[in-house]
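Everything below concerns the one structure shown next.
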Amino acid sequence: MNSIKFLGTAGARFVVMKQLRASGGIWLNLDGTQVLVDPGPGSLIRCLTSRPKLNPQELEGIILTHRHLDHSNDVNIMIEAMTNGGFKKKGVVFAPRDALEDDPVILQYARQQVEAVEILKEKGRYEIGNIVFETPIHLKHGVETYGVNFKTKRATISLITDTDYFPGLASYFTGEILIVNVVLMDDKSHIEHLCLKEAEQLIKENKPRLAIMTHFGMGMVKAKPWEIAKTMTKKLGIEVIAARDGMQIDIESYTNSYNSQH
C-alpha cells in the first residue's frame, strides 16, 4: 500500500525538547520503495514501537530537508539500522551540502555504510528505487533547506518543510497531496517558519486533494490543530487534516486527477 506515516508531528525546540509531540519524521512507502524524511529525536524508537512495527532494514533511503536537530538528530542511528549495523551496505542518504561539510550532522563512518550520499540542491532531481523526487527551490530558513516533490506513478506528494513565507512559494509545491510544516500560530517576522495564516494561503492557492498540517510549535499545539483543520476544511472546501503522531495516510484514496485549476 502506498502510504505516508507520521512518526512525529513536533516542530520547534520546546515541543521537541519536552516531547509534547514525537519528532520521528515521516516514513513514506511509495510504489514499493520506502524512504524516511527528517529523522529527528526518537525516530528509531518510533519505528520500533509503531503499530505495525516498521523495519528500518526495509528502507532504501533517508532524506534530510535540512540540518536542524529536530530533523536530523537520529540520522546516524537510522543509517545503522537501515544497514544492519553497517554489515549490509545499502541505501542512499540525501542532504544539503551544509549538513555534510564544516559542522556535519552525518558522521563520516556512517557515510561508509550506505551505497551513496547525494547532495540536495535547488532544481535537483533524484531517483531512489521506484521514486523520483525534486527539490525545486532553496527555501528561506537559516540553514540550507529544501522542500520536496515526490513523483509517484499515481500522484505527486509535496512537502513544504520549514521556511519563511515568500511570494510564489505555493507555485513550487503543487502536488495532489500537500504536507505543510506549520510551526507558528501567529506570524513572527523574526522567525523563519510558516504561521497558520500563511499555511492557509498556500492551501487556498494550490487546492490540493488533501492538505496535511504538521510540525507544530507550542502555539499550534495549544490551539488544538485538529479543530483548526476542521474549520479550514469548511472555509476552503478542501480536505485539511492535522497530522497526529503515528497517523498513516492511504495515498490511494487521494490519487484522482488534478482538478481543473491544475
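Residues that are within 20 Å of residue 116 (Cβ to Cβ) and charged (D, E, K, R) within segment 32-68 comprise 38, 58, 60, 67, listed in sequence order. Right, residue 110: of a type in the set (Gly, Ala, Ser), farther than 25 Å from residue 225 by Cβ, free of Cβ contacts under 8 Å to residues at least 40 places away in the same chain and in contact with a strand residue (DSSP E or B) (Cβ under 9 Å, 6 or more places away or on another chain) or not? Yes. Within segment 60-91, the set of residues being in contact (Cβ under 8 Å) with a residue 12 or more places away in the chain and farther than 22 Å from residue 8 by Cα comprises 83, 84, 86, 88, 89, 90, 91.
It is to be established whether one or more residues within segment 17-27 are in contact with a Ser or Thr (Cβ under 6 Å, 6 or more places away or on another chain), at pLDDT 95 or above and assigned to a loop (DSSP other than H, G, I, E, B). Looking through segment 17-27, at least one residue is in contact with a Ser or Thr (Cβ under 6 Å, 6 or more places away or on another chain), at pLDDT 95 or above and assigned to a loop (DSSP other than H, G, I, E, B). Considering 139, 64, 120, 100, the condition of being over 26 Å from residue 167 (Cα atoms) and of a type in the set (A, V, I, L, M) is satisfied by 100 alone. It is to be established whether one or more residues within segment 9-21 are under 18 Å from residue 82 (Cβ atoms), in contact (Cβ under 8 Å) with a residue 24 or more places away in the chain and surrounded by 24 or more Cβ atoms within 10 Å (Cβ to Cβ). No, segment 9-21 contains no residue that is under 18 Å from residue 82 (Cβ atoms), in contact (Cβ under 8 Å) with a residue 24 or more places away in the chain and surrounded by 24 or more Cβ atoms within 10 Å (Cβ to Cβ). Against the definition (under 18 Å from residue 137 (Cβ atoms), without any contact (Cβ under 8 Å) to a residue 60 or more places away in the chain and not small (Gly, Ala, Ser)), how does residue 174 come out, yes or no? The answer is no for residue 174.
Yes/no per residue for (1) crowded, with 23+ Cβ neighbours inside 10 Å; (2) touching a strand residue (DSSP E or B) at 6+ places or on another chain (Cβ under 6 Å); (3) of a type outside the set (A, V, I, L, M); (4) under 17 Å from residue 37 (Cα atoms):
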site: 162; (1), (2), (3), (4): yes, yes, yes, yes
site: 200; (1), (2), (3), (4): no, no, yes, no
site: 205; (1), (2), (3), (4): no, no, yes, no
site: 211; (1), (2), (3), (4): yes, yes, no, no
site: 215; (1), (2), (3), (4): yes, yes, yes, yes
site: 230; (1), (2), (3), (4): no, no, yes, no
site: 239; (1), (2), (3), (4): no, yes, yes, no
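Counting the residues of segment 60-70 that are in a loop (DSSP other than H, G, I, E, B) and surrounded by fewer than 24 Cβ atoms within 10 Å (Cβ to Cβ) gives 3. Taking the criterion of being farther than 19 Å from residue 238 by Cα and in contact with a Cys (Cβ under 9 Å, 6 or more places away or on another chain), the residues of segment 139-198 that qualify are 165, 183, 184, 185, 186, 187, 188.
Among residues belonging to segment 156-194 that are polar (S, T, N, Q) and more than 16 Å from the chain's Cα centre (by Cα), point out the one that is nearest to residue 5 (Cα to Cα). Only one residue tops the list, namely 171.
Of all residue pairs spaced 6 or more apart or on separate chains, those with beta-carbon atoms under 6 Å, a first member in segment 32-58 that is touching a residue at least 60 places away in the same chain (Cβ under 8 Å) and a second member that is of a type in the set (S, T, N, Q) are 32/130; 33/130; 38/65.
Quick check on residue 101: is it among the charged types (D, E, K, R), surrounded by 14 or more Cβ atoms within 10 Å (Cβ to Cβ) and out of contact with any His (no Cβ under 9 Å at 6 or more places or on another chain)? Answer is no for this residue. Of the residues screened, residue 44 is not one that is over 25 Å from residue 193 (Cβ atoms), aliphatic (A, V, I, L, M) and assigned to a loop (DSSP other than H, G, I, E, B). Being farther than 26 Å from residue 209 by Cβ and either surrounded by fewer than 19 Cβ atoms within 10 Å (Cβ to Cβ) or not acidic (Asp, Glu) (or both) is a property that residue 188 has.
The values are calculated or read from the model by the stated rules, or taken from the named source; none is laboratory data. Every value quoted in this text rests on a predicted model; they were computed, and no experiment measured them. Heads up, the Cβs are rebuilt from the backbone with ideal geometry, glycines too, and the neighbour counts pull from every protein chain shown.
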